[in-house]
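Note sheet for the following structure.
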Amino acid sequence: MYGLIGKMKTMPGQRDALISILLDGVSGMPGCHSYIVAQDPTDPDAI
């Protein structure tokens, strides 16, 4: 099993657009048990 936790900064105001891109096509990732993209509660431009 493998896990990765990271933080990514987006261009100002583009967080929701990037989250949408990252979540598009998740069902096509064979063997992936959990794919989570979360918003940083302290930074409006980070996930």
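Helical content alone sets the calculated 222 nm signal of the chain at -5500 deg cm²/dmol, taking -39,500 (n - 2.57) per DSSP H segment of four or more residues and averaging over every residue. In a fully extended conformation the segment linking residue 4 and residue 33 would gain 9.2 nm over its present Cα-Cα distance, using 0.36 nm per residue. For the chain, place one equal point scatterer on every Cα, skip the solvent, and apply the Debye formula. What is log10 of I(q)/I(0) at q = 0.18, 0.28, 0.30 Å⁻¹? Debye intensities relative to I(0), on a log10 scale: -0.60, -1.09, -1.17.
Of the trypsin sites (Lys or Arg not before Pro) in the chain, the ones in a loop by DSSP (not H, G, I, E or B) with at most 12 other beta carbons within 10 Å are 7.
We did not get these values from a lab; they are worked out from the coordinates using the rules stated. Keep in mind that what you see is a predicted model, and the values were worked out from it rather than measured. Here Cβ is always computed from backbone atoms with ideal geometry, including for glycine, and neighbour counts include all displayed protein chains.
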